[in-house]
1. How high is the relative contact order of the range A:13-75, in percent, counting Cα pairs under 8 Å that sit 6 or more residues apart?
2. Mind listing the phi-derived Karplus ³J(HN,Hα) values for the range B:118-123, rounded to whole Hz, using 6.51, -1.76 and 1.60 with θ = phi - 60°, and x for any glycine or proline?
3. Using a/c under 1.5 as the rounded threshold, could you call the range A:108-217 rounded, prolate or oblate? The axes a ≥ b ≥ c are square roots of the C-alpha gyration tensor eigenvalues, and prolate needs a/b larger than b/c, oblate otherwise.
4. Counting other C-beta atoms within 10 Å, which of B:F29, B:F236 has the fewest, and how do the rest follow?
5. Would you work out which of B:L41, B:A141, B:V125 lies farthest towards the positive end of the dipole of the range B:5-158? Charges go on Cβ: Lys and Arg +1, Asp and Glu -1.
6. Once the Cα atoms of helix B:162-173 and of chain B are each reduced to a long axis, what angle between those two axes, in degrees from 0 to 90 to the nearest 10, is obtained?
7. Distances in nm, one decimal, shortest first, from A:V71 to the same residue in every other copy, taking the label point 7 angstrom along Cα→Cβ.
8. Report, largest value first, the span of the C-alpha coordinates of the range A:13-75 along each principal axis, in whole Å.
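Read-outs throughout are calculated quantities, based only on the coordinates presented, and are distinct from any laboratory measurement. Being a predicted model, the structure only gives us computed values, none of them experimental. Here the Cβ is made from the backbone with ideal geometry for all residues, glycine too, and neighbour counts use every protein chain on show.
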2 protein chains.
Amino acid sequence: MGTTQLESVPEPKYWHLKTVLTEALDSEFSVGEILPNERDLAARFGVARATLRQALEQLELEGRLQRRRGVGTTVAPPRVGVAVGTEQHAWPGAPGDAWQAVDCTTAAPPAAVAGALETGRDEPVHIVRRTRMTHGQSVAAELLYIPESSVPELSAIDAPAGPARVRALLRELQRMELEGQDSAVELGSARADDAKELDRLPGAPVLVVTTRYFAEGRTAALSVATYRADTCRLTFGDSGGVEIHQDPQRRAS
Amino acid sequence: MGTTQLESVPEPKYWHLKTVLTEALDSEFSVGEILPNERDLAARFGVARATLRQALEQLELEGRLQRRRGVGTTVAPPRVGVAVGTEQHAWPGAPGDAWQAVDCTTAAPPAAVAGALETGRDEPVHIVRRTRMTHGQSVAAELLYIPESSVPELSAIDAPAGPARVRALLRELQRMELEGQDSAVELGSARADDAKELDRLPGAPVLVVTTRYFAEGRTAALSVATYRADTCRLTFGDSGGVEIHQDPQRRAS
């Protein structure tokens, strides 16, 4: 990486360092390669450790670097495009659904979920935990909330536990006609349980996708899905699952 | 906030502290209120400053707190829903477009943009800078890349500079029939110019929405829009501009 000293510039030091590091990553490092340690990097670029760390954090936010426990800081592969919006609406569990059931419980939902579902605060809902794999890696964890009123026949069925129960639950849900759905994406931090499933530390930045499923004039189910923000870009629209390999912002800096 | 000492727990200390702070924010603080300084907070909860900072960073990621220069840390208002996907496709500048033109230049695009547009690396493209306001606040900054081949008649027009030139440019673009569009959302960090427009520090977390507009069998324009991640949740789907006021993840922790 040479021993380029940073000249004095009007922009914040860590920002200029980030630009210099980005160029070095493009030209001198390959995907998966481990970066030199912080002390060495700081010395080479003539910056304080704190400045270096700020620049590394930026590059992690942008998906250029990954910090992995017991490994160090490595050059990240390009983000994977994961389709979250489709032209056709579909119930969870419908053919082509990318999610795999993990387990399922029945409990009173968090207040905001009860609000969105318009159920009473103490009315229990079915909570299905699912996971989404891409290229053999877990990219997202989901909690799917289904009010008992959306699956009124379920209690009458001798539904077993675990994934089989989830299948019975989703089959009941699909009896209703899906009238529409909408989604919202926002930045969040990984809850401890999601973090474990996604192989991240609690609090790692995640993209939270909240989807409301509408049937019979109300919200019949609510999905809160947590995607790894470091490895995923969420795709919407016509090309569905087609990945956009280029990252225009990355090099637009 | 009382003087609750944190008991020893298996989860990381900052994570537990975050949960405690979240409850305090819900019950004792109102939107816009300034938090006590870090030294006082650390003392009250019996944690090190570093632990406190980690917890505050988490809450900032989740949109619960805002750190503002010269003000301190304040309790953030709920995030604003901003519609980024619509059922109907529309060219930039079409009626109902939420973006306002700022200026426009012609230059060789970044390599990744040239790749996505399938233009030559040195072929100049029109670069339109636009901004999006919601409730009087700038929530997003956009760079819209339009290859000269998408607006072949433009050079023949006596197009003036500034917003008027942008209008001429978008009018030319709209002559083509829009065949489709797709979008991708990912986490990024604010470039210096975007940060200034969004009233954030360079490197602040942003949601980057890349939209490709298809016409005549190719990508006729490319938009790279940078949304404030602290104040925005991006909405897609049937309800379009309808805001989802509830934040299910917030209270699901």
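1. On the way: 55 pairs, mean separation 27.3, N = 63.
Across the range A:13-75, relative contact order equals 43 percent.
2. 6, 9, x, 4, 9, 6
3. Values: a/c = 1.80, a/b = 1.46, b/c = 1.23.
In terms of gyration-tensor shape, prolate.
4. B:F29, B:F236
5. My answer, from the dipole projection, is B:L41.
6. 70
7. 3.9
8. Principal-axis extents of the Cα atoms in the range A:13-75, largest first: 26, 23, 20 Å.
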